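Heads up: the structure comes next, in structure tokens.
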Amino acid sequence: MSKIFETPLYPYHRSPDQDAPSPVRHPVIVIGAGPIGLAAAIDLAQHDVPVVVVDENDKVSFGSRAICYAKRPLEILDRLGCGDEFVDKSVVWKLGKVFFDDRRIYEFDLLPEEGHKRPAFINLQQYHFEEYLVHRVQALQEEGKQIEIRGNSRVAKIDPKDDFVAVTIDTPEGSYKLECDWLIACDGATSPARKMLGLDFIGRVFEDNFLIADVIMEADFPTERWFWFDPPFNRNQSALLHKQPDNVWRIDLQLGWNIDKEKEKKPENVIPRLKAMLGEDAKFELEWVSIYTFQCRRMEKFRHGRVLFAGDSAHQVSPFGARGANSGLQDTDNLIWKLKLIMDGIAPESLLDSYDYERVLGADENIMNSSRSTDFITPKSENSRTFRDAVLDLAERYEFARPLVNSGRLSVPSIYDGSSLNGDDHPDLPPRTRPGAPVVDAPVGEEWLTDLTGNRFQLLGINLQVPESLDIDGVAVEGLNIQSHDPNDHLHKRYLGKEEQAVYLFRPDQHVAARWTGYDEATVRGAVNRATGRV
């Protein structure tokens, strides 16, 4: 096993807070130094909000865990200042193949169009993900940002008050108390924070179990996602194969419901299953083995006073579709800019109601897609299995049947239709960039639109002039003017359609707040006030 699992990245050190005569108050405390908690903390630090991250561990996660990261979260990581490190280390892919029995029935391309900086997907083990986020935290500390990770520091008690939250921290040297204006719980699916507040999930737990095996081997499989229904090596079940960096391969094997989990995880039981798939002569080494059960559940609300939940602590989905960590990164991307405006006194606390609405909407989309995938992958009756197998047979010969095949609808970003923050829309502009939608990347000269937007409010003028800057009651809006007169240009197709000019208002999380075909300052001011929850 790699030494990355053994080396403390943020070892315990006694904090001056532990010797203070009364609990020290921090603006924000984040529980959990996993991918979502670290992303939240980095975003806060980049907004000059002091933040303390507490975690009962001091190392990266054991095992690969989440491995698939979609294009949208990569764009978020770019804005957090560490996207290149992730992509450079990762396995990049966009093609998938679906098999039924021993037949390949079709393949798919997750990003068939050109004109995007980032790929459709990368595969990268979660331990690398966490390591690189810790590197980014350290770089921010060197820049003088007030961001700190306290390892071996377990939150033992949460006591919410009207205008702050009190927490008790257990350490190797005893307990101490802290206070914070806001507490963000990113402490995973089993979330002790959720349990301390007496909160629970609503949703479904599916009656099936899946074996995850990370296998180190030299293999000539292409860099693609391969999914099998009813393969010869795992009859009446399913299987999944993914390549990871460093010659590590992720293999998922469906096992069924009534199993002895501890027994199934033993090497003497795992290895024969893998040899049935890879061949008796295959040479490989087991790096990590786990068993998971499908769960598609979420909290009713993600905000509880001054305690905010994000990532797996707020919602759970099955791993097929890569919707867990991808969704969690979009949670924090949605949350932090709103919290910053509130803490600066620019926006009302009610702006956080939109975090609840927008990210519950995202969670419900993921749960719906994940539940449908699970129902297709694991039929619950003979009639369901007969229907599924018929669809797979048809998909081999007829393209119309392929959208019906569900081996895990892969993660796509949410469009916040119906959000109270959405402003004006023009019906003749392209639907994919309507208010509520995330930025759709496009080349802009030698640069990319995703690199030119984000982390602040921006007004994009295409083929017309918008002001370089506006101050709208404390909200700074930056102007960006771009020319695009070729109808075949990616930017033109994605943002103008048949129109000749347009103005787009982007939120700090790069979602479209409003759009028009002309510029009017009073209208823009109204849209900014709406997007900040002030009207």
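Key figures
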| item | result |
| --- | --- |
| Relative contact order (%) - the chain, alpha-carbon pairs under 8 angstrom, separation at least six | 14 percent |
| Rg and Dmax [Cα atoms of the stretch 191-328; Å; Rg one decimal, Dmax integer] | 17.6, 58 |
| Full-extension gain in nm, Asp246 to Arg372, via 0.36 nm per residue minus C-alpha separation | 42.1 nm |
| Fully extended contour minus Cα-Cα distance, from Asp389 to Ala476, at 0.36 nm per residue | 25.7 nm |
| Charge dipole (the chain, unit charges on Cβ, about Cα centre) - positive-most of Gln46, Leu199, Ala120 | Leu199 |
| DSSP beta bridges in the stretch 425-535 [antiparallel fraction, %, rounded to 5] | 75 percent |
| Extension reserve of the Thr223-Asp19 stretch, reckoned as 0.36 nm per residue once the Cα distance is removed | 68.1 nm |
| Percent accessible area from carbon and sulfur atoms, the stretch 1-121, protein chains only, probe 1.4 Å | 50 percent |
| Long-range HN-HN contacts of Ala347 with modeled amide H, under 5 Å | Ile342 |
| Furthest towards positive pole of dipole, Phe506, Asn455, Leu404, structure part the stretch 400-534, Cβ charges | Leu404 |
| Residue-normalised accessible area of the chain, expressed per residue, 1.4 Å probe, Å² | 41 Å² |
| Label-point separation in nm, Ser420 to Glu173, each point 7 Å along Cα→Cβ | 4.5 nm |
| Long-range amide H partners of Leu308 with built H, under 5 Å | Leu183, Ile184, Ala185 |
| Pairwise FRET efficiency - Asp353 versus Leu464, Cβ, R0 = 41 Å, nearest 0.05 | 0.75 |
| Relative pair counts by distance (%), Cα atoms of the chain, 10 Å bins | 4, 17, 27, 26, 17, 8, 1, 0 |
| Compactness index (Cα Rg / 2.2 N^0.38 Å), the stretch 119-161 | 1.66 |
| Normalised contact order of the stretch 57-124, rounded percent, pairs of Cα under 8 Å and 6 or more residues apart | 43 percent |
| Taking the stretch 320-429 and dividing mean pair separation by its residue count, relative contact order in percent (alpha carbons under 8 Å, at least six apart) | 38 percent |
| Sum of -39500 (n - 2.57) over DSSP H runs of 4+, divided by residues of the chain (222 nm, nearest 500) | -8500 deg cm²/dmol |
| Counting DSSP beta bridges with both ends in the chain, the antiparallel % (nearest 5) | 70 percent |
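The values are calculated or read from the model by the stated rules, or taken from the named source; none is laboratory data. Please read all numbers here as calculations on a predicted model, not as lab measurements. Neighbour counts are summed over all protein chains in view; Cβ atoms, including those assigned to glycine, are modelled from backbone coordinates with ideal geometry. We work out accessible area using only protein heavy atoms, side chains counted, and drop any ligands, DNA or RNA first. Shrake-Rupley method; radii C 1.70, N 1.55, O 1.52, S 1.80 Å.
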